[in-house]
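The block underneath contains the structure these notes are about, expressed in structure tokens.
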Amino acid sequence: EVDCVLIGPGLPRPDGMETGDDSTKELTERLLLKFPNKKWVIDGGSLQVIEPESIPKTAIITPNAKEFEMLFGERIMNQELRIMNEMVSEAARRFGITVLLKGPVDIVCSPEKCLEIKGGNAGMTKGGTGDVLAGLTAAFYAKNGAFLSATCASFINKKAGESLFDRVGLYFNASDLVNEIPVVMREYI
């Protein structure tokens, strides 16, 4: 009955799993297969263990450069922005999904279009801040389209990070970022 499902944050990643433990992969692929028409936001542990062919067309994925490489087998880190854009766009078109590549410049691509979102700061590379972005993406996606949800989430998340940086420098955590989001949203709505 849910409008959108976020899967992956907090689930064991390959480097944290014990020998023979495929529970994240099994859980993720079983749910994606059972509910292919649900709106999905796939992040974290789930992104690191699934095959791209198992991603439903309704999904938004939120990889960082390392996760993008693990999922699609293409090295995107340290590429020119134009090349990164082409690679993300190709993945979105090939699999019919929306990709939000996290980085200093987020790249959001649907099968039809791409957008770059600049901003943020190094404080947003701390553990949990990507989970905040994934959660915000899912919140928007519950009532909006995939591309709009991913671009809005990226923009608001980056603005919240900038707002925190202006006040406290790099000394903020994921909880601070969560608390800053409604403050920033009031400025833009």
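So which residues in region 45-55 are surrounded by fewer than 16 Cβ atoms within 10 Å (Cβ to Cβ) and assigned to a loop (DSSP other than H, G, I, E, B)? Matches in region 45-55: E51 only. Every listed requirement among (1) surrounded by fewer than 16 Cβ atoms within 10 Å (Cβ to Cβ); (2) modelled with pLDDT under 95 is met by G123 save one, (1).
Comparison of M87, M70, M77 shows that the only residue that is farther than 23 Å from K126 by Cβ and within 18 Å of the chain's Cα centre (by Cα) is M87. What number of residues within region 1-30 are aliphatic (A, V, I, L, M) and modelled with pLDDT under 95? Residues meeting the conditions: 4.
Yes/no matrix, rows are residues, columns are (1) at pLDDT 95 or above; (2) under 23 Å from N78 (Cα atoms); (3) within 15 Å of the chain's Cα centre (by Cα):
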residue	(1), (2), (3)
I97	yes, no, yes
I117	yes, yes, yes
V132	yes, no, yes
A146	yes, no, yes
K159	yes, no, no
I181	yes, no, no
I189	no, no, no
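The lone criterion from (1) surrounded by 13 or more Cβ atoms within 10 Å (Cβ to Cβ); (2) within 26 Å of N144 (Cβ to Cβ); (3) aliphatic (A, V, I, L, M) left unmet by L33 is number (1).
Residues in region 96-120 that are surrounded by fewer than 19 Cβ atoms within 10 Å (Cβ to Cβ) and among the charged types (D, E, K, R): E112, K113, E116, K118.
If the condition is being assigned to a loop (DSSP other than H, G, I, E, B), open to solvent by less than 20 Å² (accessible area, probe 1.4 Å) and within 27 Å of R30 (Cβ to Cβ), then region 56-95 contributes P56, T62, P63. The residue of region 140-171 that is surrounded by the fewest Cβ atoms within 10 Å (Cβ to Cβ), among those that are of a type in the set (A, V, I, L, M) and free of Cβ contacts under 8 Å to residues at least 24 places away in the same chain, is V168. In the set (1) assigned to a helix (DSSP H, G or I); (2) closer than 22 Å to V132 by Cβ, the condition left unmet by V41 is number (1). Going through (1) in a loop (DSSP other than H, G, I, E, B); (2) touching a Cys at 6+ places or on another chain (Cβ under 7 Å) one by one, I107 falls short only on (1).
Of the residues making up region 152-172, just one is charged (D, E, K, R) and touching a strand residue (DSSP E or B) at 6+ places or on another chain (Cβ under 9 Å), namely K158. Any residue in region 141-152 that is of a type in the set (V, I, T) and assigned to a helix (DSSP H, G or I)? Within region 141-152 (the criterion being of a type in the set (V, I, T) and assigned to a helix (DSSP H, G or I)), the answer is yes, since at least one residue qualifies. Taking the criterion of being surrounded by fewer than 16 Cβ atoms within 10 Å (Cβ to Cβ) and assigned to a helix (DSSP H, G or I), the residues of region 172-189 that qualify are S175, N179, P182, V183, M185, R186, E187, Y188.
The values are calculated or read from the model by the stated rules, or taken from the named source; none is laboratory data. These figures come from a predicted structure and were not determined experimentally. Quick reminder, even Gly has a Cβ in these numbers, built from the backbone with ideal geometry, and neighbours come from all protein chains shown. With ligands, DNA and RNA removed, areas are computed over all heavy atoms of the protein, side chains included. Shrake-Rupley method; radii C 1.70, N 1.55, O 1.52, S 1.80 Å.
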